[in-house]
Every structure is written in C-alpha cells, then in structure tokens.
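What follows is a single structure, written as structure tokens, with notes after it.
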Amino acid sequence: VYYRLHVSDIGWMGWAKNGEPAGTQGYAKSAEAIQLVLVQKDGRAPDSSDSATEDAFRKKPLGISYQAHVSNIGWTGYVSDGNTVGTTGRALPMEAVKASLTNTNLGEGEEGCIRLSAHVSEIGWMDWATGTAGTTGQHKSMEAIKAKLDGNIATHYDLYYRVHCAGFGWLGWTKNGGEAGTSGLSCPIEALQIKLVKKGAPAPNE
C-alpha cells in the first residue's frame, strides 16, 4: 500500500509505503489530505510528477535555544544554533545564561539535555546545573563557562561554544565541557555563541 499527504505550505509530498512515515514532524504543519493506492507486489509506484517534493517525510532537526541575563538589561530574547546572545562593545557583562534543546521528541537516541557551569566573579566555578548557569540580582559577572550534553544525545552530537570577553574579544571554540573564557583576570563574558554539531561533522568556523 502506497500513501502520501498534502501538507500545508508544502503541497503533495512524495509517496511512502508499507508503514513508512509520511508527512512532517516538528514543523507545526497540518496534513490536509491523503491519498492511498494499492499496488501489486513489485509493481510500479504511483506517479509522483505532481508532488511538490520527493520527500515522503520530513522531521525538523535537533536544535538549541539560549538566552543571556545581561547587566543593566536583564534577560535577552532567545537565539538559536550559533547566533550571538549578549552584547559587544558596550561593557555590559553577562551574569547568567539559559540553554535548552529543541525538537527533542523526534526519534530514539535524541533524548537528553544541556548541562552548564559558570565561573562567576567572587564565587568561582559553580556546580553543574541543567539548562542554567550564573546568577541574577547579585551584580556578579560570568567570567567563564562550561557546557555539555547529557543523555543519549551526547553520542550523536558535539556541543560547541565560544565567548566574547572584555579585553580579549572573541576567543576560540571549545566543546563538550571544555572551559571557555578566563579566570582571575576580571574579564567578564559579554557575549556567547553555542552550536550543536553532529558527530563527525566539521567544527564551526572562527
């Protein structure tokens, strides 16, 4: 049995068969119509010349979303997948950061979370915590950060990140629990980038 879906904003997708997934997942797009065709074994698949795509099924890839608490500003909006959070050139230290995975319900082996630890002025390294690091309301700057994946997802992805520090600018990328930033130099983090990369894929460019 062959079948395909007409999906909002896409149109007719490619044909799937015999229990294969059809449609989309993670894109918030509705299935508007379905076609089913019974074909004799080893027979020719239905014509797909009017399909908008050859893909029978699309799932949104795993991603990451993060925000920063910045001195004199408060919590910024969320950014994702390698974009910059925080400020540069304004001498506004980051005090805390939150990060979480998106689209984590898309398949076996993609379960997990992000763990963070911050080196904070007058405190030093804080304990690892799920999805958050640093302080708010204490006027204490983050000077360094560590981040890692926890759970099955860590076997499929690397977590890269880098920071913009006062007096230094952008430092190099590190990954999977490495230290990014400074300690003992009173050079707070002002901006941060985080990127999720599949195992074996190239590291982010500087």
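The values are calculated or read from the model by the stated rules, or taken from the named source; none is laboratory data. Computed from a predicted model, the values in this text were never measured in an experiment. FYI the Cβ positions are ideal-geometry reconstructions off the backbone, even for glycines, and counts take in every protein chain you see. The area values use the complete protein model at the heavy-atom level, side chains included, leaving out ligands, DNA and RNA. Shrake-Rupley method; radii C 1.70, N 1.55, O 1.52, S 1.80 Å.
Here are some notes:
- In region 176-206, the qualifying residues are those that are open to solvent by 20 Å² or more (accessible area, probe 1.4 Å) and among the aliphatic types (A, V, I, L, M), and the one that is nearest to the chain's Cα centre (by Cα) is LEU196.
- Cross-chain or 6+ apart pairs with Cβ under 8 Å, region 58-78 first and free of Cβ contacts under 8 Å to residues at least 24 places away in the same chain and under 22 Å from HIS164 (Cα atoms), then open to solvent by less than 80 Å² (accessible area, probe 1.4 Å) and in a loop (DSSP other than H, G, I, E, B): ASN72/LEU92; ILE73/THR87; ILE73/LEU92
- Residue in region 95-109 that is open to solvent by less than 20 Å² (accessible area, probe 1.4 Å) and more than 30 Å from THR130 (Cβ to Cβ) present: no
- Restricting the first member to region 34-56 and to residues that are under 14 Å from TYR3 (Cα atoms) and open to solvent by less than 100 Å² (accessible area, probe 1.4 Å), and the second to residues that are part of a loop (DSSP other than H, G, I, E, B) and at pLDDT below 90, the beta-carbon pairs closer than 8 Å and six or more apart or on different chains are VAL39/ALA45.
- Hits in region 110-160 - residues which are open to solvent by less than 60 Å² (accessible area, probe 1.4 Å), more than 25 Å from ILE73 (Cα to Cα) and not aliphatic (A, V, I, L, M): GLU110, GLY112, CYS113, GLY151, TYR157, ASP158, TYR160
- Extreme residue, surrounded by the fewest Cβ atoms within 10 Å (Cβ to Cβ), among residues of region 163-175 that are without any contact (Cβ under 8 Å) to a residue 40 or more places away in the chain and within 20 Å of the chain's Cα centre (by Cα): GLY172
- Matching residues in region 59-94 - criterion: being open to solvent by 30 Å² or more (accessible area, probe 1.4 Å), of a type in the set (A, V, I, L, M) and under 23 Å from TRP125 (Cα atoms): ALA91
- Cβ pairs under 7 Å, 6+ apart, first in region 120-131 and over 17 Å from CYS165 (Cβ atoms), second among the hydroxyl-bearing types (Ser, Thr, Tyr) and open to solvent by less than 80 Å² (accessible area, probe 1.4 Å): MET126/SER117; ASP127/SER117; TRP128/SER117; GLY131/SER100
- Single unsatisfied condition, PRO46 versus (1) within 24 Å of the chain's Cα centre (by Cα); (2) farther than 30 Å from HIS119 by Cα: (1)
- The lone exception for GLY63 - which of (1) at pLDDT below 95; (2) in contact with an Asp or Glu (Cβ under 6 Å, 6 or more places away or on another chain); (3) over 15 Å from ILE153 (Cβ atoms) it fails: (3)
- Candidate set: region 11-25, residues that are open to solvent by 40 Å² or more (accessible area, probe 1.4 Å) and touching a residue at least 40 places away in the same chain (Cβ under 8 Å); chosen: the one nearest to LYS60 (Cα to Cα): GLN25
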